[in-house]
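Below: the structure, in structure tokens.
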Amino acid sequence: MEWMSLLLDALWAAIPAVGFAMIFNVPRSALPFCAAGGALTYGLRDVLMHAHLSIELSTFIAATTIGIIGVFWSRRYVMPRPVYTVASIIPMIPGTYAYEMMISLVRMNTEGVSDVLLSRFIENGLHAVSILFAIAFGLVLPSMYYTKRKQPII
Amino acid sequence: MVVKVATMLLEYGAESRLIEQLSSRLGVALGCTSIEMSLIPSAIVLTTLIGDSSVTSTRRAYEQPINMSIVHQIVTICIEAEQNPRDIMRVERALANIHANAYPGWLIIPMIGLSCAAFSHLQGADWAGFFITFVAASVGMSVRRELSRRNYSLLIVFAFTAFVCTLIASLAFFEGFSTTGHIVLSSSVLLLVPGFPYINSMLDAFKGYISMGWGRWAQATLMTLMASLGIMLAMGLLGVQGW
């Protein structure tokens, strides 16, 4: 039953990946790969979080995985890598955390600074920033490895 | 020729390393000795060396919406040029044939609505919230397309779109229509996340193009700030508290 809901969540995550790929005008042939990547990263992150890893670490591992897969895909289909990778990590973006952070900032402005608001602001802000950095590092890591070698990837 | 390719790559949002590699490969394929270039976010300075003589030219890059399919077509053209070296006519014809491959509005607007609705579902909103998010994000996307077509500055487009999205999403708070209002509010503006500029800036900075990385990072941060400005304006207008 748990695995069913994990699978369903991964399928839900494929929809935003495709939607955002369309904003960036990705070529039509790459759309299925973006969907697969989105589902894969979100599913992987969920599985890892089930195994009691922190959300930042599991995000990092998922982003690294899609970065490595993106290298293979881009070589086979002659496509710049960000086409696949950026669309795939979109479902992991910490929108809710960033939003909560902003709300507490606004309330601190109108109602005055209190301990609860301040701690909520810092907590949510740290979560959002560390998840963003985890995503970015995960994506950069595979290409850092390949820049060591002289010949280009595609 | 080469500088035209490089400018297009910069305008449509390619990574700096890709720009430099592709232009120098294209230059060598067309018969230059080497290509040297320097990049800043709004312009390109490019020198072509042919034997002992060299030509330097500067091009301004204008802001365009990110379009990955154009980048992909340019990559394909460059690889073709490497396989048939010194065939300038062929490259010119191919460059003239590049098309934008824009998705039609009736497809992209519901798709974005569905994406943001899927976000809200993943965060645990109920079905009424799902529906409101769908409507808010679809309207937001059509507003964004309409404003972009009229050539408003990207920053203004972001602020106004966030404003409209938040106005519609805050319907969720009235009459207890949905119990998960704050999730609806936060996921309906997710269509404004500048994912590509952020990732590009990180990739650039890590690969040694520090100034490009900073420029793109500042651009992405400005977009986010403008979007949150729109959200705050809408919330202040309605007096919605967010929870």
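Since every read-out is calculated from the coordinates, none of them should be taken as a lab result. Remember, predicted model here, so these are calculated numbers, not experimental data. No Cβ is skipped: glycine too gets one built from the backbone with ideal geometry, and neighbour counts run over all protein chains shown.
Data overview
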{"item": "Shielding score for B:58-71, defined as the mean number of other chain Cβ atoms within 10 Å", "result": "3"}
{"item": "Rounded to whole Å, sorted largest first: equivalent-ellipsoid semi-axes of the stretch B:91-138, Cα gyration tensor", "result": "37, 10, 5"}
{"item": "For B:Ala43, residues with placed amide H under 5 Å, excluding near neighbours", "result": "B:Ala61"}
{"item": "Cα-based helix-to-principal-axis angle, A:55-77 vs chain A, degrees rounded to 10", "result": "20"}
{"item": "Charge sum, other residues only, whose C-beta stays under 11 Å from B:Glu11's C-beta, Lys/Arg counted +1 and Asp/Glu -1", "result": "+2"}
{"item": "Max mean-square fluctuation residue, GNM over chain A, Cα-Cα springs under 10 Å, options A:Arg120, A:Arg107, A:Arg81", "result": "A:Arg107"}
{"item": "C-alpha long axis of helix A:31-50 to longest principal axis of chain A, angle in °", "result": "50"}
{"item": "DSSP H segments from chain B that extend 15 Å or more along their own axis, Cα-based, with Kyte-Doolittle mean of -0.5 or above", "result": "B:16-29, B:68-83, B:105-122, B:127-149, B:154-169, B:195-206, B:210-238"}
{"item": "Amide proton proximity set for B:Leu30, modelled H, under 5 Å, gap of 5+", "result": "B:Arg86"}
{"item": "Alpha carbon centroid spacing (whole Å) that separates the stretch B:58-88 from the stretch A:32-84", "result": "27"}
{"item": "Positive minus negative residues near B:Ser120 (Lys, Arg vs Asp, Glu; Cβ under 14 Å)", "result": "-2"}
{"item": "Residue of B:Gly195, B:Gly51, B:Gly105 that the Gaussian network model of chain B assigns the largest fluctuation, springs spanning Cα pairs under 10 Å", "result": "B:Gly51"}
{"item": "Cα pair count fraction exceeding 22 Å, expressed as % - the stretch B:99-200", "result": "30"}
{"item": "Helix axis angle, A:2-23 relative to chain A longest principal axis, alpha carbon, degrees", "result": "80"}
{"item": "Least to most buried among B:Ser201, A:Ser119, A:Ser74, B:Ser115 (fewest other Cβ within 10 Å first)", "result": "A:Ser119, A:Ser74, B:Ser201, B:Ser115"}
{"item": "Expected 222 nm ellipticity per residue - DSSP helices of 4 or more, -39500 (n - 2.57), all of the protein assembly as shown, to 500", "result": "-23500 deg cm²/dmol"}
{"item": "24 Å tail of the calculated P(r), chain B, as % of Cα pairs", "result": "55"}
{"item": "Charge context of B:Val45, other residues only, Cβ under 10 angstrom, K/R +1, D/E -1", "result": "0"}
{"item": "Relative contact order [Cα under 8 Å, 6+ residues apart], the stretch B:75-219, whole percent", "result": "21"}
{"item": "Computed Kirkwood radius, in angstrom, where 1/r is averaged over Cα pairs of the protein assembly as shown", "result": "22.1"}
{"item": "B:Asn84-B:Leu49 pseudo-label distance in nm [points 7 Å out on the Cα-to-Cβ vector]", "result": "2.9"}
{"item": "Peptide A:94-102 - average C-beta neighbours from other chains (10 Å radius)", "result": "6"}
{"item": "Average silhouette area of chain A, convex hull of alpha-carbon atoms, in square nanometres", "result": "11.3"}
{"item": "Mean separation of Cα contacts under 8 Å, 6 or more apart, over the residue count of the stretch B:1-154: relative contact order %", "result": "18"}
{"item": "Per residue Cα convex hull volume in Å³ - calculated over the stretch B:1-139", "result": "130"}
{"item": "Three principal axis lengths of the stretch B:118-172 [C-alpha, angstrom, descending]", "result": "37, 18, 14"}
{"item": "Principal axis dimensions, largest first and in whole angstrom, of the stretch B:1-56 by Cα", "result": "32, 18, 16"}
{"item": "Order by protection proxy (mean Cβ within 10 Å, highest first), peptides A:83-89, B:30-36, A:95-101", "result": "A:83-89, A:95-101, B:30-36"}
{"item": "Simple spin-label estimate for B:Gln21 and B:Lys4 in nanometres, 7 Å along Cα-Cβ", "result": "2.5"}
{"item": "Exposure proxy ranking, count of Cβ atoms within 10 Å, fewest first, for A:Asp9, B:Asp52, B:Asp87", "result": "B:Asp52, B:Asp87, A:Asp9"}
